[in-house]
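Enquirer: A single structure is presented below for examination.
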Amino acid sequence: MSDSPNNATQAKSENVDLYAKHVKIHPRKDHGLFNKLRNSAVFILLGIFYAFPWVNWNERQAVLWDLPNRKFYIFEMIIWPQDFFFLAAIMIIAALALFFFTTVAGRLWCGYACPQTVWARALLWIEEIVEGNRNQRIKLDKASWSGEKILRKGLKYALWTLFAIWTGFTFVGYFSPIRELTPRFFAFEMGSAETFWIFFYALMIWLLGAVMREQVCIYMCPYARFQSVMYDSDTLLIAYDTKRGEPRTRGKPKQKSDQGDCVDCSLCVHVCPMGIDIRDGLQYQCTGCALCIDACNNIMDKINRPRDLIRYTTENQLAGKHTSIARPRVFIYATLITAMLVAVGWGLANRNPVALDIIRDRSTLFRDTGDGNIENVFRLRIMNKDDSAHVFQVEIQGLNDAIIDMDSAIPRVESGTIHDHIIRIKIDPGNLNGVRSTEFQIKLQASDDDALSVSEDSVYLGPARF
Ligand code: SF4
Ligand code: SF4
């Protein structure tokens, strides 16, 4: 059976392109409370990112991932691989906080704090400085190539590139001390790993933040896809009040009761970094930046109509129902976050800055010393996680008349270092627990700080246990 011409025409008209042609978005600059909040967030977060590697603490970089030595410095604290569960716990708290804030107030993270949002905003500022406001940028893009266009575009790309390289350099400065990296960077004497990461990070900033901008949020970000599962009807979201706004009247403030407040000025669309129209309803592309609220409020002020035609609201509120922040899932997230914060805070406050690993020589069960005693050899691995150097003494508890024998005293253990020291513990076999190994404790005591000590309780001396 063949299609009639009408059916064929209909089928043809229903063909849909699977790939939408990219249309460059030129967000318009506006002002208002949410613009201020967003700009402040960008300044604070970028300020922290660019400044922290230059901050020194106790004559070293305050924040540094020392990967070769497997240490992470955060101001006073030194995190060792043994302490990484603290970092894991902090990551879990961050994830729970993300769930909590999303449940309460939607995409706060996307709108104000996500690195993509922050760097895209910074790079857009550069574009605005070089190419002008929205209309000037659109005009420049449409214009044929001229000296001015080449100059402006060239300057913009050059500034983007410098900014991206500075960002990549700062990123690597968190892993390689930045004050030592700087002269090597300018003398082109960096290691291959440093060079790769600086330019790779710069390329990513350039591509994702400057060129792809909203496409990252719309097409690439997995969080945009699954964050809706954290929403419920009481989650704050940014919405257009259709009941109040429609029917819109282009260019004219409301004059009759059957007219809505929207004057169809399209400013809410022009300021939107995602290029969407919030009046079309909730859309996953909306990152919750709230810039359309400012734009619409400014228009409402001009036409003497009440603000908040576009506003933070909830689905329940829009439907005229009761809305509440106090929901079970909000309490669950808040309780989990509080419990984990208390646990991590307690753990960090009570963290012992000295760690001791004891490795018994496994090649011999014990050694007969020839003078009626037996001895076992132990390797003490002393980790000084404190911020200052210490001298340690070894004490044993739980063994009668045992003797500690060392070739040399334990040297001063510098801050943030590991020292391995061999000790031999000698004892008359008559003082052991029969033929079995005897359990005892080895205590490491800082001789310059009474409060600094660490004990290993289950050490065995004698023929069997390791
Ligand atoms: S619709 Fe409004 S809140 Fe959503 S991304 Fe656009 S400007 Fe931001
Ligand atoms: S900014 Fe406000 S008045 Fe203008 S089109 Fe958007 S919703 Fe309508």
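Enquirer: Work out the FRET efficiency for residue 219 and residue 400 from their Cβ-Cβ distance, taking R0 = 45 Å, and round it to the nearest 0.05.
Expert: 0.05
Enquirer: Let me ask something additional. In degrees from 0 to 90, rounded to the nearest 10, what is the angle of the helix 115-131 Cα long axis to the longest principal axis of the chain?
Expert: 50 degrees
Enquirer: Which whole-Hz ³J(HN,Hα) couplings does segment 184-192 yield from phi under the Karplus relation 6.51 cos²θ - 1.76 cosθ + 1.60, θ = phi - 60°, glycine and proline marked x?
Expert: 5, 5, 6, 9, 6, 10, 7, x, 5
Enquirer: Hey, what D do you get for segment 115-174 in µm²/s if you plug the Kirkwood alpha-carbon radius into Stokes-Einstein at 10 °C and 1.306 mPa s?
Expert: 126 µm²/s
Enquirer: Check cross-link reach from residue 153 to the aspartates and glutamates: straight Cα distance under 12 Å, and skip same-chain residues fewer than eight apart.
Expert: Within reach: 127, 128, 131, 141.
Enquirer: With only alpha-carbon atoms counted, please give the Rg and Dmax of the chain, in Å.
Expert: Every Cα atom of the chain included, Rg and Dmax give 32.7, 111 Å.
Enquirer: Give the ranking of 270, 26, 31 by solvent-accessible surface, highest area first, calculated with a 1.4 Å probe. Intermediate results must be reported in sequence, preceding the final value.
Expert: Values: 270 55, 26 15, 31 120 Å².
Largest accessible area first, the residues go 31, 270, 26.
Enquirer: If ligands, DNA and RNA are left out, what is the accessible area of residue 67 with a 1.4 Å probe, given in Å² to the nearest 10?
Expert: 110 Å²
Enquirer: List the trypsin sites (Lys or Arg not before Pro) within segment 413-446 that fall in a DSSP loop (any state other than H, G, I, E or B) and whose Cβ has at most 14 other Cβ atoms within 10 Å.
Expert: 436
Enquirer: Could you please put 49, 378, 366, 85 in sequence from largest to smallest accessible area, using a 1.4 Å probe?
Expert: Final ranking, largest accessible area leading: 85, 366, 49, 378.
Enquirer: Which is the longest run of the chain containing none of the GluC sites (Glu not before Pro) found in DSSP loop states (not H, G, I, E, B) with at most 16 other C-beta atoms within 10 Å?
Expert: The answer is 190-413.
Enquirer: With no other cysteine's Cβ closer than 4.7 Å, which Cys residues of the chain count as lacking a disulfide-compatible partner?
Expert: Flagged as lacking a Cys partner: 110, 114, 217, 221, 262, 265, 272, 286, 289, 296.
Enquirer: With every protein chain present, what accessible area does residue 185 have (1.4 Å probe, heavy atoms only), rounded to the nearest 10 Å²?
Expert: Rounded to the nearest 10, that gives 40 Å².
Enquirer: Still on this structure, please answer the following. Quick one: accessible surface of residue 232, probe radius 1.4 Å, all protein chains present, in square angstrom to the nearest 10.
Expert: Around 40 Å² of this residue is reachable by solvent.
Enquirer: Further question: At 0.36 nm per residue, and after removing the present C-alpha to C-alpha distance, how many nm does the segment from residue 456 to residue 204 gain when stretched out fully?
Expert: Fully extending the segment from residue 456 to residue 204 adds 85.9 nm.
Enquirer: Between their Cα atoms, which of 21/243; 29/254; 24/139; 24/302; 139/254 are more than 23 Å away from each other?
Expert: 21/243; 29/254; 24/302; 139/254
Enquirer: Loop only by DSSP, 11 or fewer other Cβ within 10 Å of the Cβ. Give me the trypsin sites (Lys or Arg not before Pro) in segment 179-258 that pass, ordered by residue number.
Expert: Listed in order of number, the matching sites are 250, 256.
The values are calculated or read from the model by the stated rules, or taken from the named source; none is laboratory data. The shown structure was predicted, so the numbers you read here are calculated from the model rather than taken from an experiment. Note that each Cβ is placed from the backbone with ideal geometry, even for glycine, and that neighbours are counted across all protein chains shown. Heavy atoms of the whole protein, side chains included, go into the accessibility calculation; ligands, DNA and RNA do not. Shrake-Rupley method; radii C 1.70, N 1.55, O 1.52, S 1.80 Å.
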